[in-house]
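Q: Dropping a structure here in structure tokens format, bear with me for questions.
Readers should treat all values here as calculations from the given coordinates under stated rules, not as data from a laboratory. Treat the numbers as computed from the prediction; the structure is a model and nothing was measured. All Cβ positions, glycine included, derive from the backbone under ideal geometry; neighbour counts span all protein chains shown.
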Amino acid sequence: MYQNILIATDGSSLAARAVDHGVNLAKTLGAKLFLLTVTEPFHVFAVDVEQVEETPASFKQHMKKQAERTLTEASAVAAGAGIEATIIHLEDSAPYQAIIRTAENQRCDLIVMASHGRGGVSALLLGSETMKVLSHSKIPVLVVR
């Protein structure tokens, strides 16, 4: 069925459920697993509080640490299930495009994501990354609620 599975995670508790689900699916199917987190670059005009309070250098360092933590946690879940996963961290102002591009580049035949990630004003203005992946991906997407 599925041979290469990409799990996109932002480190949220809801995304952790998607990681668990995707890892269990990969284990059951014997699929190769890719774990991806996408951080956005610093923007001068931002709606996220994190970006308003930081300099470009400190924001980049903060995002790098957050990505490392997110991928370390997701990798631990995979390792606990006996699965070796390829971890990928990308910086992109359009996370949904980075998710789709990575899935295509890694020849994934399934993308696993949580139903919601970004919240607050950002979600209202920018929309759900999951919805954007669902709308633009030619690869099947499994949405975990």
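Q: What does the charge count near Ala103 come to, summing +1 for each Lys or Arg and -1 for each Asp or Glu among other residues with Cβ under 14 Å from its Cβ? Mind showing how you got there, number by number?
A: Details: positive: Lys32, Arg101, Arg107, Lys132, Lys138; negative: Asp92, Glu104, Asp109, Glu129.
Local net charge: +1.
Q: What translational diffusion coefficient, in µm²/s and rounded to a whole number, does the Stokes-Einstein relation yield for the chain at 20 °C and a viscosity of 1.002 mPa s, taking the hydrodynamic radius as the Kirkwood radius over Cα pairs?
A: Diffusion coefficient, whole number: 140 µm²/s.
Q: Sorting check: for 3-16, 96-109, which peptide has the highest mean count of neighbouring beta carbons within 10 Å, and how do the rest follow?
A: Packing order, densest peptide first, comes out as 3-16, 96-109.
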